[in-house]
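What follows is a set of notes on a single structure, which appears directly below.
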Amino acid sequence: MTHLTIEPSILYVGTPVALLTTVNEDDTVNLAPMSSAWALGDVVVLGVGVSGQTAINLRASPEVVINYPSPEQWESVERLAPLTAADPVPSHKQARFRHERAKFTASGLTPVPSELVTPPRVAECPLQFEATVVDADLDAKGNFLIAQARVVRVHAAREIVVPGTSHVDPAAWSPLIYNFRHYYGLGPELGESFRTETPR
């Protein structure tokens with residue numbers, strides 16, 4: 001194997017896409033795609049642009065729903081990608097983004113009430129985490145808000161749950177993956193970790 005030294009503009013090596021729902025200052029709902037989220041126990045660490053509406057909302061009202069779409073929903077995600085609820089549109093986004101508050105309508109997705117937090121869930125997403133932000137701070141360069149969101153309730157579509165358990169069936173669930181700004185689903189299983197707790 002020969003390695004090349006490269007300088008990619010982004011480092012999205014293949015991470016799940018999430019749709020974050022938060023509440024705007026006028027009590028409307030913001031729906032934003034992102035792919036910088038990872039879990040530590042019951043905490044999901046979120047990285048969002050500091051000037052975006054999601055960052056503003058997370059600081060003002062620390063509740064969020066982390067909705068995970070399936071690969072089939074990539075077009076709905078992409079319809080959201082060039083939209084921002086920020087008005088005016090931040091200067092660094094003006095060339096490629098446009099203002100839109102009605103994000104659910106624009107994406108063709110459906111809001112459904114959450115049980116423990118104010119922002120709604122996305123009905124079409126098979127996996128939904130209601131969460132409260134317990135800590136939020138800027139990254140080392142001040143470009144991103146790093147929010148630690150403690151998950152307080154998990155909703156999973158019946159068809160991705162191992163019957164009679166609280167385990168997500170990895171053979172039935174496939175997240176939408178953002179791989180160097182291209183959308184993918186998962187391939188077939190290669191094996192399992194010795195730490196798996198999923199019943200056979």
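Some points to look at:
- Each residue in segment 87-113 was checked for being hydroxyl-bearing (S, T, Y) and either touching a residue at least 60 places away in the same chain (Cβ under 8 Å) or more than 25 Å from A131 (Cβ to Cβ) (or both), and 2 of them qualify.
- Residue satisfying condition, being more than 21 Å from the chain's Cα centre (by Cα) and not basic (K, R), within set V168, V152, V162: V162
- Contacts under 8 angstrom Cβ, first residue in segment 142-170 being within 21 Å of P113 (Cβ to Cβ), partner of a type in the set (K, R) and surrounded by 15 or more Cβ atoms within 10 Å (Cβ to Cβ), 6 or more apart: H155/R121
- Here the strands (runs of 3 or more DSSP E) wholly within segment 1-86 that include at least 1 residues being free of Cβ contacts under 8 Å to residues at least 60 places away in the same chain and closer than 30 Å to A171 by Cα are 18-23, 29-34, 37-40.
- Of all residues in segment 59-72, those satisfying the criterion of being surrounded by 23 or more Cβ atoms within 10 Å (Cβ to Cβ) and either of a type outside the set (A, V, I, L, M) or more than 15 Å from V122 (Cα to Cα) (or both) are N67, P69.
- When every residue of segment 162-173 is checked against the conditions, at least one turns out to be among the charged types (D, E, K, R), touching a helix residue (DSSP H, G or I) at 6+ places or on another chain (Cβ under 7 Å) and within 12 Å of L127 (Cβ to Cβ).
Taken together, the values in this text are just the output of simple stated rules run on the coordinates, not laboratory data. Source: prediction; values computed, not measured. Reconstructed Cβ throughout: ideal geometry from the backbone, glycine too, with neighbour counts over all protein chains shown.
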